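Q: One structure, as structure tokens, below. Some questions next.
The values are calculated or read from the model by the stated rules, or taken from the named source; none is laboratory data. Please read these numbers as outputs of a predicted model, since none were measured by experiment. Every residue, glycine as well, gets a Cβ built from its backbone with ideal geometry; the counts of neighbours run over all protein chains shown. Accessible surface areas use protein heavy atoms only, side chains included; no ligands, DNA or RNA. Shrake-Rupley method; radii C 1.70, N 1.55, O 1.52, S 1.80 Å.
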Amino acid sequence: MRKTGFAIIFLSLILFSQAYSSHALERNAQKLDSLNLPHDVSIHLFAREVPRARHMAFDDQGALFLSQAKEGKVVALPDSDKNGEADKKVLIIENRDIPHGLAFIQLEEGYYLYIAEETQVIRLKRLAKPFKYGKPETIIANIPDGGHFTRTLKIKNNKLYLSVGSSCNVCIEKDPLRAAISRFNLDGSGREIFAQGLRNSVGIEFSPYTGELWGVNNGRDRLGDDHPREELNIIKQGKHYGWPYCYESKFFDEDFGRSFDCTKTEIPAYTFTAHMAPLGLAFYQKGTLPKQYNHSVFIAFHGSWNRSVPAGYKVVRLKLDAKGNILSHEDFISGWLRKSGAPDGRPVDIEQSPEGDLYLSDDYLGVGYRITKKKQTSNE
């Protein structure tokens, strides 16, 4: 009887969770029209029922690939008829260990999809278009697990850049891979620590203006509502960005005394309200959005858990000049946070498509959004 009772309770919890998720998705679909966004921009559901949707990348065919980290999957979401909605979900790989960061590269021996998992980086060779891939090959092993468990990767000039977050809220790490960005050859050899002191830089991207690596960083928790401010850094080789010793332009973290020379750490390129959890960023020089959005960086803020007044749950636009320098910032899309403090969605990653639209993932509802120029009606 006891086992039967537990089974009934367990089944009831599953059914409740599914019903809640379905209700939340339906509520969010209805709520899209009430999001706060510019009058000349529209947002639509591109893909539904992709639980734990995280990072995205477009392949050479223009198809969107999406990692479902805690589901252990990577899927392709083709839109063959170009109607603004995914035609289907194509399973690329499953039963993996928190697949997260995605990147594509054409090598002499073929076209590859690189996937950053919690403890390793694998790559899959494409055997045939559109979506037939071979068995995974491990190229980087023994990445430390635990703590911040997502891994992000980018490829530039035949080098792989891997971001690994800290094992803790605040501590001195023993493994140099942690709270750092490392660089490798594309076969996994030649490991070097590129930059340190980055507690959890989930979103990293190379600037099309300067070629430099930019990254958002999640600061430590439990220092109150307003500290430390979230950071955008220009990440340079050999530099230290402060964690766990310093924060907010070289203020000392009293938990570790004053034994570290914080004057040698890098100052953030820009800062935002504390605990908003920036996770994804995309450079946007020009595309299908109205011209006024040219020269921007769009940042997805997942939202806070460590504030008495919740913050984040939105997409922010950094205005740039024609050379890629930061001028100012403004909210681009907000409204996923209800007045009660409960979320109606949690943005994760943002990417520009080859056609020039923006795509946004949401791991709270398990959906993908497409952001476009608003079509004018005859009354406008």
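Q: Exactly one of (1) out of contact with any Phe, Trp or Tyr (no Cβ under 6 Å at 6 or more places or on another chain); (2) among the charged types (D, E, K, R); (3) under 30 Å from residue 208 (Cβ atoms) is unmet by residue 156. Its number?
A: It fails just one condition, (1).
Q: Residues of region 243-284 being over 19 Å from the mean Cα position of the chain (by Cα), assigned to a loop (DSSP other than H, G, I, E, B), farther than 23 Å from residue 101 by Cβ and not charged (D, E, K, R), which ones?
A: Answer for region 243-284, where residues must be over 19 Å from the mean Cα position of the chain (by Cα), assigned to a loop (DSSP other than H, G, I, E, B), farther than 23 Å from residue 101 by Cβ and not charged (D, E, K, R): 244, 245, 249, 257, 259, 260, 265, 267.
Q: Within region 226-239, restricting attention to residues that are under 14 Å from residue 211 (Cα atoms) and open to solvent by 40 Å² or more (accessible area, probe 1.4 Å), which residue is nearest to the chain's Cα centre (by Cα)?
A: Only one residue fits best here, namely 234.
Q: Kindly list, by first and then second residue, each pair from a residue in region 205-233 that is within 13 Å of residue 180 (Cα to Cα) and small (Gly, Ala, Ser) to a residue that is open to solvent by less than 40 Å² (accessible area, probe 1.4 Å) and in a loop (DSSP other than H, G, I, E, B), limited to pairs with Cβ atoms under 7 Å and residues at least 6 apart or on different chains.
A: Within 7 Å, the pairs are 215/198; 215/201; 215/203.
Q: Tally up the residues in region 208-220 that are small (Gly, Ala, Ser), assigned to a loop (DSSP other than H, G, I, E, B) and open to solvent by less than 20 Å² (accessible area, probe 1.4 Å), please. Step through it out loud before you land on a result.
A: Let us first name the residues in region 208-220 that are small (Gly, Ala, Ser), namely 211, 215, 219.
Right, trim to assigned to a loop (DSSP other than H, G, I, E, B) and you get 211, 219.
With the extra rule that they be open to solvent by less than 20 Å² (accessible area, probe 1.4 Å), the set shrinks to 219.
Result for region 208-220: 1.
Q: Taking region 317-345 on its own, how many of its residues are touching a residue at least 40 places away in the same chain (Cβ under 8 Å), among the hydrophobic types (A, V, I, L, M, F, W, C) and assigned to a loop (DSSP other than H, G, I, E, B)?
A: Our first condition is that a residue be touching a residue at least 40 places away in the same chain (Cβ under 8 Å); within region 317-345, this holds for 318, 320, 323-324, 326, 329, 331-336, 343-345.
Now drop any that are not among the hydrophobic types (A, V, I, L, M, F, W, C), which leaves 318, 320, 326, 332-333, 336.
Going one step further and asking which of them are assigned to a loop (DSSP other than H, G, I, E, B), we end up with 336.
So the answer is 1.
Q: Now, a different point. Please work out which residue is most open to solvent (accessible area, probe 1.4 Å), limiting yourself to region 121-149 and to residues that are in a loop (DSSP other than H, G, I, E, B) and among the charged types (D, E, K, R).
A: Filtering region 121-149 down to residues in a loop (DSSP other than H, G, I, E, B) leaves 129-131, 134-136, 141-149.
Filter again for among the charged types (D, E, K, R), leaving 129, 135, 145.
Details: 129: 139, 135: 181, 145: 101 Å².
Out of the qualifying residues, it is 135.
Q: Only residues that are exposed (fewer than 14 other Cβ atoms within 10 Å of the Cβ) and touching a strand residue (DSSP E or B) at 6+ places or on another chain (Cβ under 6 Å): list them for region 322-353, please.
A: Correct list: 327, 328, 330.
Q: In region 63-88, which residue that is farther than 17 Å from residue 133 by Cβ and among the small types (Gly, Ala, Ser) is surrounded by the most Cβ atoms within 10 Å (Cβ to Cβ)? I'd like the intermediate steps shown before the answer.
A: Initial filter on region 63-88 (farther than 17 Å from residue 133 by Cβ): 69-71, 79-87.
Pick out the ones that are also among the small types (Gly, Ala, Ser) and you get 69, 80, 84, 86.
Working: 69: 25, 80: 12, 84: 13, 86: 23.
The qualifying residue surrounded by the most Cβ atoms within 10 Å (Cβ to Cβ) is 69.
Every residue, every condition in (1) crowded, with 23+ Cβ neighbours inside 10 Å; (2) farther than 18 Å from residue 279 by Cα, yes or no:
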| position | (1), (2) |
| --- | --- |
| 47 | yes, yes |
| 57 | no, no |
| 61 | no, yes |
| 90 | no, yes |
| 94 | no, yes |
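Q: If the Cβ limit is 9 Å and pairs must be 6+ apart or interchain, which residue in region 71-91 that is among the basic types (Lys, Arg) pairs with which residue that is in a loop (DSSP other than H, G, I, E, B) and open to solvent by 100 Å² or more (accessible area, probe 1.4 Å)?
A: 73/52; 73/95; 89/49
Q: So residue 205 clears everything in (1) under 26 Å from residue 316 (Cβ atoms); (2) touching an Asp or Glu at 6+ places or on another chain (Cβ under 9 Å); (3) buried (at least 17 other Cβ atoms within 10 Å of the Cβ); (4) not small (Gly, Ala, Ser) except one condition, right? Which one?
A: It is condition (2) that residue 205 fails.
Q: Okay, moving on. Would you mind stating whether residue 311 is open to solvent by less than 50 Å² (accessible area, probe 1.4 Å) and either of a type in the set (Ser, Thr, Tyr) or in a loop (DSSP other than H, G, I, E, B) (or both)?
A: So residue 311 fits the description; yes.
Q: Could you list, in sequence order, all residues of region 106-136 that are closer than 24 Å to residue 180 by Cα and free of Cβ contacts under 8 Å to residues at least 40 places away in the same chain? Spell out how you get there, then give the answer.
A: Taking region 106-136 as the starting set, the residues that turn out to be closer than 24 Å to residue 180 by Cα are 113-123.
Answer for region 106-136, where residues must be closer than 24 Å to residue 180 by Cα and free of Cβ contacts under 8 Å to residues at least 40 places away in the same chain: 117, 118, 119, 120, 122, 123.
Q: Let me ask something else. Filter region 184-202 for residues that are open to solvent by 10 Å² or more (accessible area, probe 1.4 Å), under 21 Å from the mean Cα position of the chain (by Cα) and more than 19 Å from residue 55 (Cβ to Cβ) and give the result.
A: Passing the criteria: 194, 196.
Q: Further question on the same structure: Would you confirm, using the coordinates I've provided, whether residue 223 is at pLDDT below 90, crowded, with 16+ Cβ neighbours inside 10 Å and not hydroxyl-bearing (Ser, Thr, Tyr)?
A: Yes, satisfied.
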